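Readers should treat all values here as calculations from the given coordinates under stated rules, not as data from a laboratory. A quick note: this is a predicted structure, and the numbers were derived from the prediction, not measured. Note that each Cβ is placed from the backbone with ideal geometry, even for glycine, and that neighbours are counted across all protein chains shown.
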Amino acid sequence: MENRNKNKVFLDINNKKIDLPVLSGSTGPDVVDIRSFYKISNLFTFDPGFTSTASCESSITFIDGDKGKLLYRGFDIGELAVKSTFLEVCFLLLYGKLPQKNQLDDFTQRVTRHTMLHEQMIYFFRGFRRDAHPMAIICGVQGAMSSFYHDSLDINDPWQREVASIRMIAKLPTIVAYAYKYSTGQPFVYPNNSLDYAENFLYMCFSVPAEQYKSNPILNKAMDRIFILHADHEQNASTSTVRLAGSSGANPFACIAAGIACLWGPAHGGANEACLNMLKEIGSVDRIPDFIKRAKDKNDPFRLMGFGHRVYKNFDPRAKVMKESADEVLELLGISNNRTLQVAKELEKIALEDEYFIEKKLYPNVDFYSGIILEAMGFPTSMFTPIFALARTVGWISHWIEMHSDPDKKIGRPRQLYKGNLERPFVLIKDR
Ligand code: SDX
C-alpha cells in the first residue's frame, strides 16, 4: 500500500494500521502532524536537537538551506540589508508588512521615547565586577526589567504585550552600551533621541562627556546592517528558548532574558566572539592548514568557529552581505590589509576547497565575518554577542507575540526515552 498520499501518511505499527495527517505550509517541507501519535500508538517520536521536527507554525521568517535563502515576512535578506533600515525591519517582523511612511515615523517615535532606563536600574550594573562578561550583565539587567515595568507584564493584554515589545527594542541598545561603558570604567552616556537607532548605539558606546562625538555615517550604516542581518532566524536555539519560556506564561522580560542566556553559547550566538578569537589564534595564513586538520580530527573537539549551520547547506546569505560590509568598513578605516581579515579570507578559501567541508556542507555562517567588522569599529570581542542579542531581540519578541496569538498555544513539555534505573528499594546508609 502506498505509505502516503498528499494529505496523509500511513503507518503499520504492530499490525495496527494508523494514518497521520500531512500539513503543508506556504513553502518548505510538508509536516506529519504527530500530535495524536502517542495516543494512538503508545510510542513517542525521538528527535534530540530537533533535526527533523517542526515545533510550531510561524509566518515570520523562512530559510531555504539548500538555496541559501533567508526571507523576513517574504522579503529577501539581501534586499532588506541594502534597501531597508533596522527599525523598518523591526516593524516588518512585528506587524508582518512594510510600513507606510507615517507608520514608520510613529513607530520610530515610540521606540525613541523608550530608550532611557529607569534610573534605579543603573544600580544593577554596579553590582557586577568591572571585568564581568557583558553577556552576564545584560542577561541580569534584562531579567530585572520585569521588576520595574509592572504596567507591561500581563501577557494576555495585547496592549501590554506591545508596550513591553517597544520597551525592549528601545532599551536593549542602552543596556548593551551601558554594559560596555561599565567594563571600560567610563561614565554611562544617556541616549540622544536626535540620533537614529544605530547611530545612537554607537554614540552611547563611544562618546564621552569630555568631548564632542560624531560617528562616521558609513559605520552607522554598517551597524544598522549588522542589526538587520541578525534580527531573526526561524526557530533557532535562542528563539525556541524564548517560545518555551513564554509557553509557561512567563513575563516578556524574563523570556527575553532566557533567550539572551541561550544565545551566549559558542555553538550559537557566542560563535562570533569565538570565531575572532580563533582567527587571532591562527594568527597567520601559513598556520591555517594545522587548524583545518584539527577541525577534521574526530578526536579533537576543536571546530572551525563561524563555519557550519544546522539549516544552511550551501551558504549563509548573511555571511555574503557581511563579507561585503567588512571590505567596505576596513577600506573606510584604512585597514584593508587587516591581518585577521586576510586570515579569514584565506581560511574561507582553503576550507571551501577541502573535501571534508564540501562533504559536510560546511560554509561560513553569519558569525564568520561579523566579528571582523565589529572589532574594526572598536568593539572588544566580549561585546560581539551582546550586539547579536540586541539585534535578535526583535525576532525573539515577534515569535513570542506570534506564540501568544496562537489560539491553540499550550505549555511546551517534551517527553524522553528513559534509560535510567527501574524502581528499586531505598537502602539505608548503614546497610550500603
Ligand atoms: C548561529 O540556528 C540558527 O539559525 C543559528 C544562527 C541564528 O541566526 O540564530 O544562524 C546563529 O548560531 C550560527 C552558527 C554559529 N556556530 C558556529 O559557528 C560554531 C561552529 N559550528 C558548529 O558548532 C556547527 O556547525 C553548528 C552548531 C552551527 C551546527 O551543528 P549541527 O547542525 O548540529 O551539525 P553537527 O554538529 O551535527 O555537524 C555535522 C557534521 C559533524 O561531523 P559528523 O559527526 O557528521 O562526522 O559536521 C561537522 C561535525 O563534526 N561540523 C564541523 C563544524 N560544524 C559541523 N566540523 C568542523 N568545524 C565546524 N564548524
Local electrostatic count, residue 86, Cβ distance below 10 Å [Lys/Arg +1, Asp/Glu -1]: -2
Along principal axes, Cα extents of the range 14-130, largest first, whole Å: 66, 41, 25
Size of electric dipole in the chain: Cβ of Lys, Arg +1 and of Asp, Glu -1, about Cα centre, debye, nearest 20: 1140 debye
Kirkwood Rh, Cα atoms: Rg over Rh of the range 327-405: 1.11
Unit charges at the beta carbon, dipole of the chain: most positive-side option, 265, 78, 187: 265
Within the chain, longest stretch clear of exposed chymotrypsin sites (Phe, Trp or Tyr not before Pro) (DSSP loop, no more than 15 other Cβ within 10 Å): 303-417
Unit Cα scatterers, Debye sum, the range 284-432: log10 I(q)/I(0) for q = 0.08, 0.12, 0.14, 0.16 Å⁻¹: -0.41, -0.71, -0.85, -1.00
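Would you work out the relative contact order for the chain, in percent, from Cα pairs under 8 angstrom that are 6 or more residues apart?
19 percent
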About the Cα centre, charge dipole magnitude for the range 275-400 (Lys/Arg +1, Asp/Glu -1 at Cβ), debye: 440 debye
Trypsin sites (Lys or Arg not before Pro) within the range 210-246: DSSP coil, no more than 12 neighbouring Cβ in 10 Å: 214
Isotropically averaged projected area of the chain, using the convex hull of Cα atoms (one quarter of hull area), nm²: 27.9 nm²
Proximal aspartates and glutamates to residue 39, defined as alpha-carbon separation beneath 17 angstrom and excluding residues fewer than eight positions away on the same chain: 12, 19
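If you take the Cα atoms of the range 220-270, find Rg, then find the Kirkwood Rh from the mean of 1/r over all pairs, what is Rg/Rh? Please report the intermediate quantities before stating the final value.
Working: Rg = 12.3 Å, Rh = 11.7 Å.
Ratio value, two decimals: 1.05.
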Cα-based radius of gyration of the range 67-218 once divided by 2.2 N^0.38 Å, which approximates compact folds: 1.14
Local electrostatic count at residue 283 - Lys and Arg +1, Asp and Glu -1, tallied over other residues with Cβ under 13 Å: -1
Where GluC sites (Glu not before Pro) in DSSP loops with at most 14 other Cβ within 10 Å are excluded, longest remaining stretch of the chain: 212-422
Ellipsoid equivalent to the range 171-280 - semi-axes via the Cα gyration tensor, in Å: 28, 18, 14
Order of 408, 105, 224 - criterion: other Cβ atoms within 10 Å of each residue's Cβ, fewest first: 408, 105, 224
Residues of the range 264-289 with amide N under 12 Å of a point placed 7 Å along Cα→Cβ from residue 300: 282, 287-289
Cβ-based net charge around residue 42, under 14 Å, with every Lys or Arg adding one and every Asp or Glu removing one: +3
Dipole magnitude (debye, nearest 20) for the range 251-329, charges at Cβ of Lys, Arg, Asp, Glu: 360 debye
